[in-house]
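> Mind having a look at this structure? Questions to follow.
The values are calculated or read from the model by the stated rules, or taken from the named source; none is laboratory data. What you are looking at is a predicted structure, and each value in this text was computed from that prediction instead of being measured. Please note: Cβ atoms are built from the backbone with ideal geometry, for glycine as well, and neighbour counts cover all protein chains shown.
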């Protein structure tokens with residue numbers, strides 16, 4: 001029985017997750033084959049960083065877009081998972097990765113091709129391009145760069161022809177968003193894990209007072225702290241609720 005309890009606690013520890021959201025500004029520089037150069041700033045852009053159970057990281061930008069000739073083209077969510085992080089002497093954790101996307105991910109991509117050439121291009125949406133990410137972050141700030149070259153090609157009378165290219169370089173600087181206390185985060189360390197289970201047990205055993213912890217230990221809001229709240233936290237960790 002003791003070994004079972006120890007194993008279960010280890011599983012809970014392994015499933016704990018660290019995550020931080022950053023809000024900041026994007027500066028986009030673009031150069032295209034049909035419209036010269038674009039320089040666009042956008043504020044209040046949120047980038048999320050989550051540490052996986054295996055120690056790697058997932059970086060997510062929900063709103064990836066670019067501008068061509070004054071028109072904004074939405075591409076969708078950029079998500080880089082299983083990134084290996086290296087923490088340097090400056091206190092930042094450095095990550096980088098590449099995501100392959102398709103031309104079909106660009107909403108309205110047909111408009112990027114000159115009208116007189118569109119009839120010669122088939123299966124345009126199948127074309128792929130790499131979106132590269134390099135960034136560093138700590139508990140307070142994220143600094144990152146996203147770059148890519150979007151190229152649309154097709155066969156034209158037996159020769160490969162390029163109808164459109166756009167080179168993008170996007171710089172991002174964001175500050176960490178102060179998180180709201182999550183349900184189950186009794187000790188206020190911005191994650192829900194076995195430490196919160198122990199905190200509730202301490203309250204039940206009266207070795208600590210509920211007021212000793214910043215978070216709410218009455219997880220199920222039944223006006224008392226008991227084993228039901230322990231079970232509630234375990235369900236949160238196991239993602240059963």
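Rundown of residues vs (1) out of contact with any strand residue (DSSP E or B) (no Cβ under 9 Å at 6 or more places or on another chain); (2) under 30 Å from residue 28 (Cα atoms); (3) modelled with pLDDT under 90, yes/no style:
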residue: 169; (1), (2), (3): no, yes, no
residue: 175; (1), (2), (3): no, yes, no
residue: 185; (1), (2), (3): yes, no, no
residue: 191; (1), (2), (3): no, no, yes
residue: 202; (1), (2), (3): yes, no, no
residue: 211; (1), (2), (3): yes, no, no
residue: 218; (1), (2), (3): yes, no, no
residue: 226; (1), (2), (3): yes, no, no
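> From the list 220, 202, 198, which one is in contact (Cβ under 8 Å) with a residue 12 or more places away in the chain and not in a strand (DSSP E or B)?
Values: 202 fails: in contact (Cβ under 8 Å) with a residue 12 or more places away in the chain; 198 fails: in contact (Cβ under 8 Å) with a residue 12 or more places away in the chain.
None of the others qualify; the one that does is 220.
> Please determine, by comparing only the residues of segment 43-80 that are in contact with a strand residue (DSSP E or B) (Cβ under 7 Å, 6 or more places away or on another chain) and in a loop (DSSP other than H, G, I, E, B), which one is nearest to residue 148 (Cα to Cα).
If we take residues in segment 43-80 being in contact with a strand residue (DSSP E or B) (Cβ under 7 Å, 6 or more places away or on another chain) and in a loop (DSSP other than H, G, I, E, B), then 56 is nearest to residue 148 (Cα to Cα).
> Just a yes or no: is a residue in segment 81-104 surrounded by 13 or more Cβ atoms within 10 Å (Cβ to Cβ), outside any strand (DSSP E or B) and modelled with pLDDT under 90?
Looking for residues that are surrounded by 13 or more Cβ atoms within 10 Å (Cβ to Cβ), outside any strand (DSSP E or B) and modelled with pLDDT under 90, one finds at least one in segment 81-104, hence yes.
> Oh, and also: Is it the case that some residue within segment 111-131 is surrounded by fewer than 18 Cβ atoms within 10 Å (Cβ to Cβ) and either part of a strand (DSSP E or B) or not assigned by TED's automatic domain parsing to the domain that holds residue 20 (or both)?
yes
> Can you find, within segment 61-77, the residue that is modelled with the highest pLDDT among those that are buried (at least 18 other Cβ atoms within 10 Å of the Cβ) and within 14 Å of the chain's Cα centre (by Cα)?
61
> Of the numbered conditions (1) surrounded by 15 or more Cβ atoms within 10 Å (Cβ to Cβ); (2) more than 25 Å from residue 72 (Cβ to Cβ); (3) in the same structural domain as residue 68 (by TED's automatic domain parsing); (4) over 27 Å from the mean Cα position of the chain (by Cα), residue 163 fails exactly one; give the number of that condition.
(2)
> Hey, another quick one. From the list 150, 219, pick out the single residue that is buried (at least 21 other Cβ atoms within 10 Å of the Cβ), over 30 Å from residue 90 (Cα atoms) and more than 24 Å from the chain's Cα centre (by Cα).
Working: 150 fails: more than 24 Å from the chain's Cα centre (by Cα).
Unique residue meeting the criteria: 219.
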